């Protein structure tokens, strides 16, 4: 039936155009934002899951920041203990020189001055091994850092090297050969205590550093995996979206032309009255 009141062809073409335009809006949004799920309107349940994953990623980032602080503290403490340990060779060599009763008074004065300088240097190195206001070489306190998103902690435990370093520095005044030999044969615990504390710091802080670095790597791996999962949920395939965008644009043009053709149909009725 041909009528001037209802144009079925135009109605079909309009419905097609609306559908194509709706798809075009969706694909255009994907291309513009890079997301196939940019907000709750796109997919409420997937967007809700994605928001939870984004919160997890931020929390993991905060954990990594804390662990990086733990790594810094441990590395500075370890560097300080290592520097002090390296001085022990020079300190022992100087004590050996002072243990020789045949040296002159002038030489003894020089060696004692050198030994005192080394002792003070060791004490200064310990006091300078501070990171973000904390020094793990002047106390035995465990400094706790956040280790996971559940509130677990990991610690870097201090070793008090400063006290024994200070005692040693105060005990190496004008040493006689006999006093120097006491330091060397361990009849005096002053040097031994200093060496023991330094070695404890080297082993203890190194162990803490390994544990912190291992936890940091684990948290980093979890964060990367979570981000990949998030991307799989919400990221758009831009190559696919771009191709579909071009196809829909062509369909939109064809639908517009179809409407034009369908709208011309009633004018054919005029020929019946010619």
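Results, tabulated for the structure shown:
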item: Any hit, the stretch 78-100, residues being in the same structural domain as residue 190 (by TED's automatic domain parsing), in contact with a strand residue (DSSP E or B) (Cβ under 8 Å, 6 or more places away or on another chain) and closer than 30 Å to residue 222 by Cβ; result: no
item: Breaking point among (1) under 20 Å from the mean Cα position of the chain (by Cα); (2) loosely packed, with under 15 Cβ neighbours inside 10 Å; (3) more than 19 Å from residue 206 (Cα to Cα), for residue 56; result: (2)
item: Residue in the stretch 155-177 that is assigned to a helix (DSSP H, G or I), in contact (Cβ under 8 Å) with a residue 60 or more places away in the chain and surrounded by fewer than 16 Cβ atoms within 10 Å (Cβ to Cβ) present; result: yes
item: Test result for residue 18, at negative phi and not assigned by TED's automatic domain parsing to the domain that holds residue 167; result: yes
item: Hits in the stretch 119-134 - residues which are buried (at least 18 other Cβ atoms within 10 Å of the Cβ) and farther than 20 Å from residue 158 by Cβ; result: 119
item: Unique residue being surrounded by fewer than 21 Cβ atoms within 10 Å (Cβ to Cβ), in contact with a helix residue (DSSP H, G or I) (Cβ under 7 Å, 6 or more places away or on another chain) and under 16 Å from residue 215 (Cα atoms) when the list is 71, 63; result: 71
item: Within the stretch 202-214, considering residues that are without any contact (Cβ under 8 Å) to a residue 24 or more places away in the chain and over 15 Å from residue 64 (Cβ atoms), the one farthest from the chain's Cα centre (by Cα); result: 203
item: Residue in the stretch 252-269 that is assigned to a helix (DSSP H, G or I), within 30 Å of residue 38 (Cβ to Cβ) and at pLDDT 75 or above present; result: yes
item: Residue 21 crowded, with 16+ Cβ neighbours inside 10 Å and in contact with a helix residue (DSSP H, G or I) (Cβ under 9 Å, 6 or more places away or on another chain); result: no
item: Residue check, residue 103 assigned by TED's automatic domain parsing to the domain that holds residue 186, surrounded by 20 or more Cβ atoms within 10 Å (Cβ to Cβ) and either under 30 Å from residue 181 (Cα atoms) or free of Cβ contacts under 8 Å to residues at least 40 places away in the same chain (or both); result: no
item: Those residues of the stretch 180-199 which are more than 18 Å from residue 121 (Cβ to Cβ) and surrounded by 19 or more Cβ atoms within 10 Å (Cβ to Cβ), in sequence order; result: 180
item: Boolean, residue 143 is out of contact with any helix residue (DSSP H, G or I) (no Cβ under 6 Å at 6 or more places or on another chain), in contact (Cβ under 8 Å) with a residue 60 or more places away in the chain and surrounded by 14 or more Cβ atoms within 10 Å (Cβ to Cβ); result: yes
item: Test: residue in the stretch 215-232 that is out of contact with any helix residue (DSSP H, G or I) (no Cβ under 9 Å at 6 or more places or on another chain), without any contact (Cβ under 8 Å) to a residue 40 or more places away in the chain, farther than 30 Å from residue 30 by Cα and in a helix (DSSP H, G or I); result: yes
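The values are calculated or read from the model by the stated rules, or taken from the named source; none is laboratory data. From a predicted model like this one, the values you see are computed outputs, not experimental measurements. For neighbour counting, all protein chains shown are included, and Cβ atoms are generated from backbone atoms with ideal geometry for every residue, glycine included.
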